[in-house]
Amino acid sequence: MLVCGRALAGLAGLILSISDVGWCQGADSPEGILRHALQLHQAGDIAGAIAEYRAYLNQVPDNLMARSNLGAALARAGNYEDAIVEYHKALEQQPGNLPIRMNLALAYYKAGKISPAAGELEGVVAERPGERQPVLLLADCYLRLGEDRKAIDLLDPLQQQTPDDKAIDYMLGTALIRDGQSARGELLVDRILRDGDSAEAHLLMGESRLSAKDFADALEEFGKALAINPQLPSLNGYYGTALADTGDITGAEAAFRKELASDPNDYVANFQLGKLLEGDANYAESRRCFERALTVRPHDRAARYQLALLDLEAGQAEQARVALESLVRENPQDVDAHISLATAYYRLKRKPDGNKQRALVLELNAAKQAAAPAGMSK
Amino acid sequence: MRPALLALFLVPVVAAGSGDSACAACHAQETAHFRPTPMAQALLLVENCEILKAHPDMQFQEGPYHTQIKREGDRSIITVTSGVESFSVPILYALGQGKAGQTYVFQHDGAIYESRASFYNETGGLDLTIGDQGTTPHTIVEAAGRRTGPAEAANCFGCHSHGAVAGGILHLESVVPGVGCQSCHVQAEKHAAAVRAGNVATAKMAHLADLAAEETLELCGQCHRTWAQIAQTGMHGPNTVRFQPYRLTNSKCYDVEDQRIRCTTCHDPHGQINTNLASYDAKCTACHSTALHTEVCSVAKDNCVTCHMPKIDLPGAHHKFTDHQIRIVKAGEPYPN
């Protein structure tokens, strides 16, 4: 979903420019150091600019704009974690500064910390609801977090205001299809296709087929999308999923790795590759994938459950117990979590607790069977 | 140590191996004892399959489709005809020794198929394969068999043979028929190599006889299905009778830590099933006895399993399976779980 990520990249930049700095002071004065920092920054010497900003801020720690520029330079150098720290310091001084908040959101986004990025963007969008780019980036965050309903609520009014905006059609279509509203989602796909064949439209059609468990058709759609634009964000993650579902494990792994090479924070590719590697007994790499998936979606139940299974596998029953107890607390109907929690308890020699979990599973399954329509029982 | 040990068991990977001959060099008695068992013969080559040899022409009619399994020399061919078209394919392997039944697999279009018709010992002929009940074939190939996905095919061969699955992928070229030593003793190859090298320290293997009930059931359940696997599917009713670890776990007397109630309490993993029901009494009285001041049966003193582990007639399976959910069976009560 770099559609909007790319468009917004220009926003993350200098807050303070050379014209804002006085020229009368000498080169060793704080102003001279700052001017030098700005010159280096604008000339592309990012490492030099960072050093000069830091030198200046040692002397004038309260200069909000210089601190923000330091954050921008750090972000440009790919050091998002330090950029986040600097932006936060700047916001402590001026919490309502929207450009800095936007830059902070982008730094979070680039660092793969989608949840706090969404939090910052919500603040920006609340202040400036009419600005398209923060809205699109927030919608993209929601999609990455799997919060499809929130994306729909955000994009629906915007789509009605600007019905010809293909980026909005694409993102809203994605959210609708993932939310199970395939018919409405496919209407938007048709609209995208009206302007000619597009990789985005085929990706969405593929996702729609995938959610209907029509794996062969999904594979065909993803194949068409790949033929048009093999670089389309998320495409290889979904293509790999369809390959795995149709039995091409080797191809699936290659597709997931391709996706992650261009976007290490793609949730689908991380999660699905984690599952493949787990099946292959490559537990260490599998864990890294699930952990990365969890960084993107910090509350994701599926990734947390898989990590708990890996803990069980590795003999870390206590760690697994903590995670599984939390999962069943959140959703007492989660049969799989109860089953694995029983195993964790048994391995911890907590037999009565394990027995309780098993009894619960039998109760839940019996209730499910009783609720199933006649003839549906296995 | 146990969790780490369990992790070794649960790795669903069977290393490429050359069968059990390496083990037999030192463990001749165990391997000789094991070879004639149904587990060791869970997959048979067509040329050696006694059932296919003894029944050279089997037929089965299902709606418009007529299935014939005909012997031709060392091969057996499945042919399905509908009056309009016909489909023929040689059987690749026979699954199961045939005490209850035997299903066949064949290859078509690069995929593994499970035959839609299986042999049943009770009837001495073909009938619908048990998992296919309630389904209708739409093509002549579907009438011959059900296409399995790569993961399912790997699972089938992972249990019915050894040496065939690596990294979750089936390698037909390295199939060794039947369950082998390393199917359970997953460190067998490493052990054999270390013994050959005279390296006693690394030759040590997990001692499976030390496992508690739950650990044993998890090990056997890799193929016979664990409680967790069945519970996850939500399956219930008589179909579950085929999954002994699941049934045993549901028994009131099952205790995860107690070695007196594990699979190997009654079944010798290297030997044949003991058909003398009275021989199991000692297993029950190891817990239920007046000497131990525990609950004892007020109805009978012997042949415990005939009442407490009833035979269940599974519709379509032409076989009565022993229910491993040990219980006091009351007349008219529904099948539990």
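The values are calculated or read from the model by the stated rules, or taken from the named source; none is laboratory data. On a predicted model such as this, the values are computed, not experimentally measured, just so you know. Using ideal geometry, Cβ is built from the backbone for each residue, glycine included, and neighbour counts are taken over all protein chains shown. Accessible surface is based on the protein model in full, side chains and every heavy atom, while ligands, DNA and RNA are left aside. Shrake-Rupley method; radii C 1.70, N 1.55, O 1.52, S 1.80 Å.
Expressed as a fraction of 2.2 N^0.38 Å, the C-alpha radius of gyration for the range B:116-189 is 1.37. Averaged over residues, the count of other Cβ atoms within 10 Å places the peptides A:85-94, B:127-136 in the sequence A:85-94, B:127-136, highest first. May I ask you to list the lysines whose Cα is less than 21 Å away from that of residue A:349, ignoring any residue fewer than eight positions away on the same chain? Output for residue A:349: B:252. Shape class of the range B:259-337 from the alpha-carbon gyration tensor: oblate, with a/c at 1.5 or above and b/c at least as large as a/b. In terms of accessible area, using a 1.4 Å probe and ignoring ligands and nucleic acids, A:45, A:300, B:313 rank largest first as B:313, A:45, A:300.
For the residue pairs B:70/B:99; A:150/A:224; A:113/A:258, the alpha carbons lie more than 23 Å apart in A:150/A:224. FRET efficiency for the residue A:281 to residue B:133 pair, using the beta carbon distance and R₀ = 35 Å, is estimated at 0.50.
Ordering B:298, B:150, A:188 by the projection of their Cα atoms onto the charge dipole of the protein assembly as shown, which places +1 on the Cβ of Lys and Arg and -1 on the Cβ of Asp and Glu, puts B:298 at the extreme positive end.
Inter-chain neighbour count for A:242-250: the average number of beta-carbon atoms from partner chains within 10 Å of each residue's beta-carbon is 3.
Would you please give the FRET efficiency between residue A:181 and residue A:302, computed as 1/(1 + (r/R0)^6) with r the Cβ-Cβ distance and R0 = 22 Å, to the nearest 0.05? E(calc), rounded to 0.05, equals 0.55. Our estimate of slack between residue B:253 and residue B:172, defined as 0.36 nm per intervening residue step minus the Cα-Cα distance, is 25.0 nm. Restricting the trypsin sites (Lys or Arg not before Pro) of the range B:19-128 to loop positions (DSSP other than H, G, I, E, B) with no more than 12 neighbouring Cβ atoms within 10 Å leaves B:99.
Once divided by 2.2 N^0.38 Å, the Cα radius of gyration of chain A becomes 1.17. The sum of -39500 (n - 2.57) across all DSSP H runs of n ≥ 4, divided by the residue count of the protein assembly as shown, sets its helix-only mean residue ellipticity at 222 nm to -16000 deg cm²/dmol. Between residue B:333 and residue B:70, the modelled label-to-label distance comes to 5.3 nm, taking each label 7 Å out from Cα in the direction of the beta carbon. With the whole protein complex present, residue B:260 retains an accessible surface near 110 Å², based on a 1.4 Å probe. Heavy-atom accessible area for residue B:236, with the other protein chains in place and a 1.4 Å probe, reaches approximately 60 Å². Taking the charge dipole of the range A:137-191 about its Cα centre, with +1 at Lys and Arg Cβ atoms and -1 at Asp and Glu Cβ atoms, the residue from A:174, A:154, A:141 reaching farthest to the positive side is A:141. Simple point charges give the picture: +1 on the Cβ of Lys and Arg, -1 on the Cβ of Asp and Glu, and for the range A:256-339 a dipole about the Cα centre of about 160 debye. Please work out whether the range B:92-148 counts as rounded, prolate or oblate from its C-alpha gyration tensor, where a ≥ b ≥ c are the square roots of the eigenvalues and a/c under 1.5 means rounded, while otherwise a/b larger than b/c means prolate and anything else oblate? Note, shape of the range B:92-148 comes out oblate.
Charge dipole of the protein assembly as shown (Cα centre as origin; +1 on each Lys and Arg Cβ, -1 on each Asp and Glu Cβ, all else neutral): 1700 debye, rounded to the nearest 20.
When all alpha carbon pairs of the range B:198-337 are counted in 5 Å bins from zero, the resulting P(r) reads 2, 9, 17, 21, 20, 15, 8, 4, 2, 2, 1, 0, 0 %. Structure remark: mean-square fluctuation, Gaussian network model of chain A, C-alpha springs under 10 Å; the largest value among A:262, A:182, A:115 belongs to A:262.
Sorted from longest to shortest, the spans of the Cα atoms of the range A:34-136 along the three principal axes equal 37, 24, 21 Å.
Database remark: amide H of residue B:41 closer than 5 angstrom to the amide H of B:179 (H placed geometrically; neighbours at sequence offset of 5 or more, or on other chains; Pro and chain starts carry no H). Here residue A:347 sits with roughly 50 square angstrom of accessible surface, probe radius 1.4 Å. Of the residues A:371, A:307, B:184, the one whose Cα sits farthest toward the positive end of the charge dipole of the protein assembly as shown, with +1 on the Cβ of Lys and Arg and -1 on the Cβ of Asp and Glu, is B:184. By the scheme Lys and Arg +1, Asp and Glu -1, what is the net charge of all other residues having a beta-carbon under 13 Å from that of residue A:159? After counting each charged neighbour, the total is -1. The Kirkwood radius of the range A:269-378, taken over pairs of alpha-carbon atoms, gives through the Stokes-Einstein law at 4 °C and 1.567 mPa s a diffusion coefficient of 88 µm² s⁻¹.
For the protein assembly as shown, pairs of C-alpha atoms spaced more than 51 angstrom apart make up 28 percent of the total. Mean projected area of the convex hull spanned by the Cα atoms of the range A:172-222, taken over all viewing directions: 2.9 nm². Applying 1/(1 + (r/R0)^6) with R0 = 56 Å to the Cβ-Cβ distance of residue B:260 and residue A:227, what FRET efficiency is obtained, to the nearest 0.05? It comes to 0.30.
Counting only residues at least eight positions apart within a chain, or on another chain, the aspartates and glutamates with an alpha carbon under 12 Å from that of residue B:53 are B:72, B:74. Under 5 Å from the amide H of residue B:145 lie the amide H atoms of B:116, each residue being 5 or more positions distant or on a separate chain, with H modelled from the backbone and absent for Pro and chain starts.
Each principal axis of the Cα cloud of chain B was evaluated for its coordinate range; sorted largest first, these ranges are 71, 62, 35 Å. Scanning residues 5 or more positions from residue B:125 or on other chains, those with amide H under 5 Å from its amide H are B:120, with H placed 1.01 Å from N in the peptide plane. Computed over the range A:244-289, the percent of Cα pairs more than 16 Å apart is 29. Each residue of the range B:253-268 is assigned a 3J(HN,Hα), and the resulting list reads 8, 5, 9, 4, 9, 8, 6, 7, 9, 10, 3, 6, 4, 9, 10, 6 Hz, derived from the Karplus form 6.51 cos²θ - 1.76 cosθ + 1.60 (θ = phi - 60°), x at Gly and Pro. The stretch between residue B:33 and residue B:54 holds 5.0 nm of extra length on full extension. This uses 0.36 nm per residue minus the Cα-Cα distance. Taking B:179, B:80, B:299 in turn, the Gaussian network model of chain B (Cα-Cα springs below 10 Å) assigns the largest fluctuation to B:299.
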